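The values are calculated or read from the model by the stated rules, or taken from the named source; none is laboratory data. Source: prediction; values computed, not measured. Neighbour counts run over all protein chains shown; Cβ positions are idealised from the backbone, glycine included. Protein only, heavy atoms only, side chains kept; ligands, DNA and RNA dropped before computing areas. Shrake-Rupley method; radii C 1.70, N 1.55, O 1.52, S 1.80 Å.
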Amino acid sequence: MKNILITGGAGFIGSNFIRYMLEIDPVVQVINLDLLTYAGSMENLKDLPAPERHTFVAGDICDRALVNGIMNHHRIDTIVHFAAETHVDRSILGPAQFIQTNIVGTFSLLEAARKYWLDENAMPVDTVRFHHVSTDEVFGSLEPTDPPFCETTPYDPRSPYSASKASSDHLVRAYHHTYGLPVTISNCTNNYGPYQFPEKLIPLMITNAMAGKPLPVYGDGQQIRDWLYVEDHCEAIHHILTGGQIGETYAIGGDNQPTNMTLINQICAILDERFPESPNTPHSKLIKTVADRPGHDRRYDMDITRIKTELGWKPRESLGSGLTRTIEWYMNHAEWLNAIRGREDFKGWVDANYNARESKK
Ligand code: NAD
Ligand code: TYD
């Protein structure tokens, strides 16, 4: 791993992964291709540990000529593919961009990798790798007594987001089986931590609660997610890059499954402890149930035995310690947060997603 192309490196997990890689690997060169959509920002890349080993390219993964040029120019030997449209609620209101970025974009990267590594034999094939970052949502929704998802669970995506990610996973596997492209895939549960765009559940709840705004809980709040602190996800991907078997899939998760309501109450309790004097204490009084998400997956849970036993990875943070670190980070980054929350497009999203919900109730 010398020259690594990270797609979507100005987003939440991608920017954390770039930090992680620059810290853990003293020689790696990172080339970061990101379109800077609403979810990506150069603000996420400030204060990198070794900025001289990070090259930013503004552009679209769907732009085949651009991606071919990057592969050649930077002699890319490893691709870690994060770039995607990622928010389920946005995929419900506007699925087209998810099909374009998540499916066509992944296809474009696979074609560029095939051309450079396999057709042009740019470097020995046993020294290259395409790692695809995917989600547990491709497996659908669990009933209360179902066993957790694992690497062999059949695909059953149920939102435009998860269907587009499932499609991209199938393409990646097809390029391995058909052309011999050296790939690995990871399917990870919900992430949280620094730099997460404040439309997703945990940062939305933290920032609304800090501002004394309502905490909108979809439906009965009894949906279950498995939560992983983002640095743990970065470490898991690094384990797969260095020790994972070509052609294989690894399930990643945080080994915890609170209901949304329990999680939100836990966030409120941490804030109460931190700010006993706040007029918003107890913060749980801000909780407000709103109309449910259409097709809302009820329960996710991940069996992470394989990555634990084969690659020796396990999450370091508990949900409590990870939430405390995350809350501290948002409290200390008010400028970062206010810049996003003050944007017209962000306010437009909040209106589009939540006003309709309230009027449906
Ligand atoms: P994010 O929405 O925070 O960031 C996505 C990044 O991709 C942004 O910087 C955006 O500008 C960039 N991007 C979007 N379209 C692009 C394009 N066409 N070309 C180049 N760049 C483009 O996403 P995230 O939460 O960091 O997720 C990263 C990856 O991890 C995604 O593939 C997602 O499916 C996967 N994943 C996320 C989670 C989670 O909980 N966030 C869990 C499991 C898997
Ligand atoms: P989210 O962060 O959007 O992740 P995903 O849908 O990919 O799991 O949502 C996590 C859970 O929180 C999901 O069950 C939907 C729920 N949720 C709310 O109850 N209220 C909200 O305002 C949001 C954004 C999510």
Rounded D (µm²/s) - segment 303-357, Kirkwood Rh over Cα pairs, Stokes-Einstein at 20 °C, 1.002 mPa s: 146 µm²/s
Checking a compactness column here: for segment 1-91, what do you get for Rg(Cα) / (2.2 N^0.38 Å), N being the number of residues? 1.03
Formal net charge of residues neighbouring T101 (Cβ-Cβ distance under 13 Å; K, R +1; D, E -1): -2
Please give the direction-averaged projected area of the C-alpha convex hull for segment 80-178, in square nanometres with one decimal. 7.2 nm²
Could you tell me what percent of the accessible area of the chain is made up of carbon and sulfur, with a 1.4 Å probe and every protein chain present? 52 percent
With every protein chain left in place, what is the accessible area per residue of the chain in square angstrom, probe 1.4 Å? 40 Å²
Starting from the Cα of K200, draw a straight line to each of the aspartates and glutamates and keep only those under 13 Å, dropping any in the same chain fewer than 8 residues away. E85, D89
Just to be sure I understand: if I project the alpha-carbon convex hull of the chain onto a plane and average over all orientations, what area do I get in nm²? 17.2 nm²
What is the helix-to-structure angle for 260-274, meaning the angle in degrees between its Cα long axis and the longest Cα principal axis of the chain, kept from 0 to 90 and rounded to the nearest 10? 70 degrees
Distance histogram in 10 Å bins (all Cα pairs of segment 161-272, percent per bin): 12, 34, 29, 17, 7, 1
State the three equivalent ellipsoid semi-axes of segment 219-361, derived from the C-alpha gyration tensor as the square roots of 5 times its eigenvalues, in descending order and whole Å. 32, 20, 17
Projected-area mean, segment 18-60, by convex hull of Cα positions, square nanometres: 3.0 nm²
For K115 and T242, what is the calculated FRET efficiency with R₀ set at 22 Å and r taken between the beta-carbons, to the nearest 0.05? 0.30
For the chain, calculated [θ]222 nm from helices alone, where every DSSP H run of n ≥ 4 adds -39500 (n - 2.57): -11500 deg cm²/dmol
Return the tail of the calculated pair distribution for segment 168-230, meaning the percent of Cα-Cα pairs more than 17 Å apart. 60 percent
